[in-house]
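No lab work stands behind these numbers, since they all come straight from the coordinates. Since the structure is predicted, the reported quantities are computational estimates derived from the model, not experimental observations. Positions of Cβ are backbone-derived with ideal geometry, glycine not excepted, and every protein chain shown enters the neighbour counts.
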Amino acid sequence: MMNNRFESGQTVICRLMWQDRIWEERPEIVVRDTPELLALYLPPNTIIRQPFSPTGGKATFRDRLDLSWSLVKAGWIGIHRLRLSIPGAFYSVLLFWDADNSLLAWYINLEEPIHRTPQGFSYIDLFLDIIAEPNLSSWRWLDEDELQEAVEQDFVSAKISDMLYSEGRKAAEWLKSGNSPFNGWETWCPDPVWKIPVLPENE
């Protein structure tokens, strides 16, 4: 297990994996890297590598299951994103702000625990998500149909599926309570001296 910590302001490479292949690759800025919490920032217009379908356009859920995608460089949409991860947790909490720094939503991404690599981090998305209002007045599930199909095709076990729902509910209620380590980050702002991170030249 790697224990080297990254410094605040350092660029790292984050890879979203699927079946030992890279599904998405992003350069992100380290905000905090401690044993208790990892915070990574993705600025607007960062160039990332996204999955594209053989038929053209961004790859779909079906392309992911069929392993039929290729990676293409594209600009991240024009919003700020902060990813907050507790080491060992089966989810991350994401915050999205628009160009005027208004909070758009909280997002809970169910996933395998994030792994540290020499270049940054990698993880496997497990389909199910939760979106919550900026004021945390309500939340709802997303992509339940994708998780169900992944279970039916044996990409995800029924046991893991049940665990994801349980972890998602606990994370959402913890966040809504106002007592989680994620609460308070909604007022965070990036350091103005940070530049847009870039992928390595050989990518």
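Tell me which residues, restricted to region 84-104, are without any contact (Cβ under 8 Å) to a residue 60 or more places away in the chain and under 29 Å from GLN19 (Cβ atoms). Before the answer, list the steps.
Start the filter on region 84-104 by keeping residues that are without any contact (Cβ under 8 Å) to a residue 60 or more places away in the chain, which leaves 85, 87-88, 92, 94, 96-100, 102, 104.
If the condition is that a residue be without any contact (Cβ under 8 Å) to a residue 60 or more places away in the chain and under 29 Å from GLN19 (Cβ atoms), then SER85, PRO87, GLY88, SER92, LEU94, PHE96 are the ones that fit.
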Tally of residues being surrounded by 14 or more Cβ atoms within 10 Å (Cβ to Cβ) and touching a residue at least 40 places away in the same chain (Cβ under 8 Å) across region 144-163: 5
Which of the strands (runs of 3 or more DSSP E) found entirely inside region 61-111 contain at least 1 residues meeting this: surrounded by fewer than 17 Cβ atoms within 10 Å (Cβ to Cβ)? 70-75, 103-111
Region 181-192, subset free of Cβ contacts under 8 Å to residues at least 24 places away in the same chain and in a loop (DSSP other than H, G, I, E, B), residue surrounded by the most Cβ atoms within 10 Å (Cβ to Cβ): ASN183
Output the residues belonging to region 1-20 that are closer than 17 Å to ALA59 by Cβ and loosely packed, with under 13 Cβ neighbours inside 10 Å. GLN19, ASP20
